[in-house]
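The values are calculated or read from the model by the stated rules, or taken from the named source; none is laboratory data. Keep in mind the model is a prediction, meaning the values are calculated, not measured. Quick reminder, even Gly has a Cβ in these numbers, built from the backbone with ideal geometry, and neighbours come from all protein chains shown.
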Amino acid sequence: MAPFFKILLVVIITAVDNALLAGILMPSSLNRARKRVIGAVGCLLAIAQILAAASVDKLMHHIEFQVLSSLLLAWMAVRLLTTAPNGGAGRSPHLLIWPICRLFSLTFIGNLDNIIWLGSTLQGNRLWLIAWSLASIPVFVAVSLFLAKQMERQTWILPLGAAMMAWAAASLIVQLPVVKSAIDSLEDIPPTTLQCIVTLVILGMGLLLRAIAGKGKSRAH
């Protein structure tokens, strides 16, 4: 029963993390169509999660995939810090294809770390992956709708999401063969310390870009 509970735990964590990103990135202009967009994104994420987690263990053996995943997660962390709460371009409620695709792609990229984690815990139990991924859709929808409503009042949600992405990117970076061999040669610096340093560097880049963007807007006004 151990794989059963492991897969359930990771799927729930992934669903909540997906919901956090979706709630942050949901444009306020889509308030009326929010339930339809979140529902469609939840279904797409569940399907993508099933397909990706079932094959990610093979991809992790390729250095190109590891580098790409770490760069995408770092980019998402920086992007979250430079995005206004409930920002993003909105469309007419009748033209929801673009917002759904955009929200799905950004949310999926932002949770590559959990997809990799999920793939490593499967151990061939793909039936439970399918069952729990589909069952997690209501959890994703409920948490996403709640966070989307709270974004304007709870300003801490945005930095929290960025920190999660930065930490995930750092965890993949320190596992790269070149970086890992360098860490092994440095006996005084444990991997966790280096991961914290990389996380802070990514967050620092995001805050710097946010400050530059803020100065640009103030000059424009």
### Summary
Restricting the stretch 152-163 to residues that are modelled with pLDDT under 80 and either among the β-branched types (Val, Ile, Thr) or surrounded by 18 or more Cβ atoms within 10 Å (Cβ to Cβ) (or both), the one nearest to ASN111 (Cα to Cα) turns out to be GLY161
### Task
Name the single residue, out of those in the stretch 50-75 being at pLDDT 80 or above and hydroxyl-bearing (Ser, Thr, Tyr), that is surrounded by the fewest Cβ atoms within 10 Å (Cβ to Cβ).
SER69
### Any chance LEU122 is over 18 Å from MET164 (Cβ atoms) and without any contact (Cβ under 8 Å) to a residue 24 or more places away in the chain
no
